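Asks: This structure is in structure tokens; I'll ask about it shortly.
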Amino acid sequence: MQDILLLMQDPTAWIALITLIVMEVVLGIDNLIFISILTNKLPPEHREKARRIGIGLALVMRLALLGTIAWIVQLTTPVFEAFGHGFSWKDMILIAGGLFLVWKATKEIHHSVDPADHEEDFIASSVTTGFGAAIGQILLLDLVFSVDSIITAVGMTPHLPIMVIAVVFAVTVMLVASGPLARFIEKNPTIVMLALGFLLMIGTTLIAEGMGIHVPKGYVYAAMAFSALVEVLNMLSRRKRQKEKAEKH
């Protein structure tokens, strides 16, 4: 308790907390896009429940990993070397998660382009199987994003209370934003393709990071923001044309 009070009186601790909260929220965007796209494929009555379970699992995963910081830090230690690069457990987790994201996004894009090909849809049509499959996929990506998130937190501050507060705040933001984001994606079909493109880029970035190729996150998010801005302008243009067409009739 005394350590926490001392931290509250330290201006650098507050700066670290604010910075880490921003970082955790930004890192959570990737996870949130995936959860929103995946849960929108479920029947309407199951979507909110799946989102809450998925984000709740993300919080549990992050807090559990925070409780094993010493082990988490060891994940960055190389366990074998190939192609002149030492691969750690973190690298292998990022590569596996990146490959899954690329595969999943590619499957979803294929299904969007050829909706008649339902047999190749990753999520089964049955409500029970679909719900279980969705939670399983969310859990897998939660693990990947949680490891990345916690290692980022460990690298930014040595204080566990700051990490816990930042993680809880970021996941709370995800919980609040998940519903509106999912509904927005559902109402705007073109956004789905854009979001799947984001997942492809994020997956490729994770693979590159796992292979030892550092990709500055600023470039990735700047590209995402620019693409989103272009899509917003397209949406406004479409709505204007639809309004003018309706007025003529």
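The values are calculated or read from the model by the stated rules, or taken from the named source; none is laboratory data. Being a predicted model, the structure only gives us computed values, none of them experimental. Backbone-built Cβ (ideal geometry, glycine too); neighbour counts: all protein chains shown.
Asks: Among the listed residues G86, G54, identify the single one that is over 14 Å from A153 (Cα atoms) and not in a helix (DSSP H, G or I).
Replies: Of the residues listed, the single one that is over 14 Å from A153 (Cα atoms) and not in a helix (DSSP H, G or I) is G86.
Asks: Kindly indicate the residue of region 27-79 that is in contact with a strand residue (DSSP E or B) (Cβ under 8 Å, 6 or more places away or on another chain) and at pLDDT below 80 and also nearest to L143 (Cα to Cα) among those meeting that condition.
Replies: L75
Asks: What single numbered condition from (1) exposed (fewer than 15 other Cβ atoms within 10 Å of the Cβ); (2) under 24 Å from V22 (Cβ atoms); (3) touching a residue at least 60 places away in the same chain (Cβ under 8 Å) fails to hold for A177?
Replies: A177 satisfies every listed condition except (1).
Asks: Being of a type in the set (V, I, T) and modelled with pLDDT under 75 is the filter here, so list the residues in region 135-166 that pass it.
Replies: The answer is I151, T152, V154, T157.
Asks: Just for region 180-232: of the residues that are touching a residue at least 60 places away in the same chain (Cβ under 8 Å) and of a type in the set (D, E), which one is surrounded by the most Cβ atoms within 10 Å (Cβ to Cβ)?
Replies: For region 180-232, the residue satisfying everything is E209.
Asks: Check T205 against each of (1) under 19 Å from the mean Cα position of the chain (by Cα); (2) of a type in the set (S, T, Y); (3) over 19 Å from I151 (Cα atoms) and name the one condition it does not meet.
Replies: That leaves (3) as the condition not met.
Asks: Restricting to region 53-103, name every residue that is touching a Gly at 6+ places or on another chain (Cβ under 6 Å) and within 22 Å of A195 (Cα to Cα).
Replies: L94, I95, G98, L101, V102
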